[in-house]
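The values are calculated or read from the model by the stated rules, or taken from the named source; none is laboratory data. Just so it is clear, the model here is predicted, and its values are computed rather than measured. Using ideal geometry, Cβ is built from the backbone for each residue, glycine included, and neighbour counts are taken over all protein chains shown. The protein model used for the area step is the full one, side chains on, heavy atoms only, and it has no ligands, DNA or RNA in it. Shrake-Rupley method; radii C 1.70, N 1.55, O 1.52, S 1.80 Å.
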Amino acid sequence: MLLLKDATPHMKESHPLPQAPLPWILPSLFAAFNVVLLVVLSGLFFAFPCRWLAQNGEWAFPVITGFLFVITFFSLVSLNFSDPGILHQGSNEQGPMMVHVVWVNHRAFRLQWCQKCCFHRPPRTYHCPWCNICVEDFDHHCKWVNNCIGHRNFRFFMLLVLSLCLYSGTILVTCLTFLVRTTHLPFSMDKAIAIVVAVPAAGFLVPLFLLLLIQAMSVSAAERSYEGKCQHLQGYNPFDHGCASNWYLTICAPLGPKYMAKAVWLQRVEMPDWVPLHNPHISVCPPVLSPNPPWAWVWLPAPTSGSLQTREGSPREW
């Protein structure tokens, strides 16, 4: 997202202000290019080597690769437009000087203040500098899809990596099978397209497999990619509930309500009329949409007496 300061021009100026650079264009074009690349290479694959195998009775190859292509394309497009778990902005009523501490399985966490979103970030919530949003259970920002990977779309990310690994492997096997079956035939357009498609499939297969292995190990240990740069989880990991429970919470557990959808509903119901700001140079945070933010029932603030309240178990189980 792009932040514009003093976006409203002065009334005395007759010429328009120079437009600010749009850094979101290149990442968006790169994500669109990846979708187009998948469609183009798949079209060449199905039109040439896969067609020849189907015409010669090898129907298993187009059926399997076609099924994997549908899953890969669906997961890629869904991940591009998915909600990673965006937390809507708060207010400046509770400033950064206030201290909030929560306990997660006998481990204390001090909630960090987000200056751009104007609220204390819950544990494992991170402000993405590329998207300019705070994401719950943030893992990383994926430049291949130009979207953050967080609580609500991590399972789509795992599905995309797994389907890409299987799809690349089946394309490589199919192209090699086609080249072996046609060794007695002269060099043709089908063979050239098979080589063109097999080379990128083989090039992406190894990195994708390594990425899938790393993500599987992270899920088993209840770790996140961005936490590798932080040192607050050295030793005991309070979010680790065992390998089986970690996979269930990550892949199969209910996601809960969407925070942004609830924020839009509250804006429509409680605050239908918006009051315009007469001075655009005053930078304020948006008002509180509800006295209880959607994550307030999960993380408990510390009382003023100095003793900390405790609550055991996973935040998704509270």
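Of note:
- Of the strands (runs of 3 or more DSSP E) that lie entirely inside region 73-164, those containing 2 or more residues that are in contact with a helix residue (DSSP H, G or I) (Cβ under 9 Å, 6 or more places away or on another chain) span 140-142, 147-149.
- Checking each residue of region 42-56 against the condition of being modelled with pLDDT under 95, part of a helix (DSSP H, G or I) and closer than 20 Å to residue 81 by Cα gives no match.
- Matching residues, region 210-221, being more than 20 Å from residue 141 (Cβ to Cβ) and either at pLDDT below 90 or surrounded by 15 or more Cβ atoms within 10 Å (Cβ to Cβ) (or both): 220
- The residues of region 177-203 that are open to solvent by 90 Å² or more (accessible area, probe 1.4 Å) and either outside any helix (DSSP H, G or I) or hydrophobic (A, V, I, L, M, F, W, C) (or both), listed by number, are 180, 183, 184, 186, 187, 189, 199.
- No other residue among 138, 156 is under 26 Å from residue 207 (Cβ atoms) and open to solvent by 30 Å² or more (accessible area, probe 1.4 Å) apart from 156.
- For the condition of a type in the set (Phe, Trp, Tyr), more than 17 Å from residue 133 (Cα to Cα), without any contact (Cβ under 8 Å) to a residue 12 or more places away in the chain and open to solvent by 30 Å² or more (accessible area, probe 1.4 Å), residue 74 qualifies.
- The number of residues in region 103-145 that are in contact with a His (Cβ under 8 Å, 6 or more places away or on another chain) and among the basic types (Lys, Arg) comes to 3.
- Residue in region 81-93 that is over 20 Å from the mean Cα position of the chain (by Cα) and open to solvent by 30 Å² or more (accessible area, probe 1.4 Å) present: yes
- Selection within region 32-45 - among the aromatic types (Phe, Trp, Tyr) and surrounded by 19 or more Cβ atoms within 10 Å (Cβ to Cβ): 45
- So residue 119, is it among the aromatic types (Phe, Trp, Tyr) and at pLDDT 90 or above: no
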